Amino acid sequence: MTRRDLAVIVVAAGRGERLKASAPKAFVEINGRTILEHSLSPLSALAELSQVVIAAPSSHLAEATEIANAVLNTDATLDVVVGGDTRQQSIANALAVVADGVEIVLVHDAARAFASTALFERVAEAVRSTNSSVIPALEIADTIKRVSGKDVLETVDRSSLRSAQTPQGFVAADLKRAYANASDDFTDDAALMQSQGKKVAFVAGEAEAAKITTPEDLVGVLSRLNAAGRTGIGVDVHRFSADATKKLFLGTIEWPGVPGLEGHSDGDAVSHAVVDALLSAAGLGDIGSNFGVDRPEFAGANGSVFLTETVRMVRAAGFEIVNASVQIIGNRPKVSTKRTEAEAALTKIIGAPVTLGATTTDGLGFLGNDEGVAAVASVLIIKPEDRLAS
Ligand code: CTP
Ligand code: MG
């Protein structure tokens with residue numbers, strides 16, 4: 001069995017002064033999702049994750065909790081703490097609630113919103129194998145100069161320089177001890193450890209983990225993100241059941257007062273349409289080729305079973321899900337009654353915003369005759385390596 005002894009601290013309490021946005025940086029949106037949301041999305045896939053701690057501004061505690069609950073699809077516990085005046089103080093506040101059973105702590109800047117799951121895993125594994133502190137670091141591409149006033153003093157040999165990123169990984173007890181003994185303020189935890197004579201190693205960082213600091217960084221991220229999307233479409237139709245006791249499930253939730261739908265599973269056309277859209281976007285076939293009627297384990301299954309497995313497959317193929325949009329076609333149910341609930345349930349499962357709309361067919365055809373329900377879904381997914389290539 002996998003150990004569950006990893007805590008991730010996500011620091012999101014900064015004001016983002018250099019970004020000059022109207023909200024604190026972690027709550028600024030990129031493609032309809034906050035920076036905090038983007039930064040949390042790689043965490044759900046960490047098998048060893050036992051706790052997530054977010055440090056947020058006091059004005060945004062509820063919002064941070066809501067975002068984390070919607071995006072994290074994991075059994076790990078969640079704590080949201082108030083940040084401090086400095087990054088280091090924010091981490092100290094977060095460390096205070098890290099559970100006793102946690103062996104390894106990764107500290108991550110929410111502002112490094114697009115760090116991959118693989119980077120978190122690489123750092124955690126290196127901490128495990130060396131039993132010491134590990135940071136991700138990148139080589140420097142530019143020629144580096146030491147300056148004074150307007151004068152260039154010298155060219156610095158860059159071969160021995162690296163730029164440090166997060167997540168930075170530590171043996172939990174070592175990090176707690178270093179914070180307890182801290183006498184100065186540092187811009188990263190590796191510097192704090194080294195101020196106390198502790199050894200720090202590095203593993204390869206990634207361009208994706210670059211920090212969003214200025215408005216120009218945001219523009220760069222947006223253009224890379226949006227250049228590399230892949231869309232997918234899915235359609236599903238199920239007829240209303242003649243069995244009046246059958247319950248209606250759409251978007252994984254129950255809709256009382258409307259008959260259930262026929263199907264090998266529970267007939268959840270909304271979930272199935274999203275599954276097909278995700279599979280098609282990722283080039284992984286369709287619902288029939290993956291979850292055919294010959295698989296008895298899916299008989300009567302709730303839409304969440306198919307969606308959860310599909311999300312796992314799509315992520316395993318290297319994709320992140322950006323969003324999904326679904327439209328129900330039919331006379332019933334009245335979607336407005338449970339739209340928010342269905343959107344929240346689906347958003348939680350796929351780890352990205354899902355929006356739900358509805359329309360009728362003006363009385364035309366089998367949907368106009370109230371024989372069943374159809375759903376059409378479209379999704380956008382991205383592959384980090386496509387982003388880098390663009
Ligand atoms: N951070 C924090 N608490 C602070 C300061 C920073 O949790 N008191 C977090 C930020 O939210 C960010 C990370 O530390 O995720 C890295 O800091 P930085 O990029 O400097 O973010 P800000 O401090 O928000 O930005 P700025 O310095 O431009 O105000
Ligand atoms: Mg700062």
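The values are calculated or read from the model by the stated rules, or taken from the named source; none is laboratory data. What you see is a predicted model; the values in this text were computed from it and never measured. With ideal geometry, Cβ positions are generated from the backbone for all residues, glycine too; neighbour counts draw on all protein chains shown. In case anyone asks, the SASA skips ligands and DNA or RNA and just uses the protein heavy atoms, side chains included. Shrake-Rupley method; radii C 1.70, N 1.55, O 1.52, S 1.80 Å.
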(message) Anything in the range 211-248 that is within 16 Å of ligand 2 (Cβ to nearest atom) and under 22 Å from Ala377 (Cβ atoms)? List them, or say none.
(response) none
(request) State which residue is nearest to the chain's Cα centre (by Cα) when the search covers only the range 182-210 and only residues that are open to solvent by 60 Å² or more (accessible area, probe 1.4 Å) and within 15 Å of ligand 2 (Cβ to nearest atom). (result) Thr187
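Looking for whichever is within 16 Å of ligand 1 (Cβ to nearest atom), open to solvent by 10 Å² or more (accessible area, probe 1.4 Å) and part of a loop (DSSP other than H, G, I, E, B) here; the options are Asp85, Asp79, Asp100. Which one fits? Working first, answer last.
Details: Asp79 fails: part of a loop (DSSP other than H, G, I, E, B); Asp100 fails: within 16 Å of ligand 1 (Cβ to nearest atom).
Every option except Asp85 fails the conditions.
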(request) Check the range 5-21 and report whether any residue there is within 21 Å of Val81 (Cβ to Cβ), more than 14 Å from ligand 2 (Cβ to nearest atom), open to solvent by 20 Å² or more (accessible area, probe 1.4 Å) and not acidic (Asp, Glu). (result) no
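Would you mind stating whether Ala64 is closer than 24 Å to Leu346 by Cβ, away from ligand 1 (no atom under 14 Å from the Cβ) and among the small types (Gly, Ala, Ser)?
It is false that Ala64 is closer than 24 Å to Leu346 by Cβ, away from ligand 1 (no atom under 14 Å from the Cβ) and among the small types (Gly, Ala, Ser).
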(request) Starting from residues that are surrounded by 24 or more Cβ atoms within 10 Å (Cβ to Cβ) and within 25 Å of Ser41 (Cβ to Cβ), keep the ones in the range 125-152 and report whichever is farthest from ligand 1 (Cβ to nearest atom). (result) Val127
(request) Starting from the range 24-46, take each residue that is within 12 Å of Val322 (Cβ to Cβ) and list its partners that are within 16 Å of ligand 2 (Cβ to nearest atom), counting only C-beta distances under 6 angstrom and pairs at least six apart or across chains. (result) His38/Ala113
(request) Consider only pairs whose beta carbons are under 7 Å apart and that are at least six residues apart or on different chains; among these, list those whose first residue lies in the range 194-223 and is closer than 27 Å to Ala178 by Cα and in contact (Cβ under 8 Å) with a residue 60 or more places away in the chain and whose second residue is of a type in the set (Gly, Ala, Ser) and assigned to a helix (DSSP H, G or I). (result) Lys198/Ala178; Val200/Ala190; Ala201/Ala126; Val203/Ala126
(message) Out of the residues in the range 25-51 meeting the condition of being buried (at least 24 other Cβ atoms within 10 Å of the Cβ) and either aliphatic (A, V, I, L, M) or within 16 Å of ligand 2 (Cβ to nearest atom) (or both), tell me which one is nearest to Ala7 (Cα to Cα).
(response) Leu43
(request) Could you grab the pairs with beta carbons closer than 9 Å, sequence gap of 6+ or different chains, first residue in the range 73-96 and in contact (Cβ under 8 Å) with a residue 60 or more places away in the chain and outside the structural domain of Val311 (by TED's automatic domain parsing), second one within 6 Å of ligand 1 (Cβ to nearest atom) and part of a helix (DSSP H, G or I)? (result) Val82/Ser90; Gly83/Ser90; Gly84/Ser90
(request) Filter the range 224-242 down to residues that are small (Gly, Ala, Ser) and touching a residue at least 40 places away in the same chain (Cβ under 8 Å) and give me whichever is surrounded by the fewest Cβ atoms within 10 Å (Cβ to Cβ). (result) Ala227
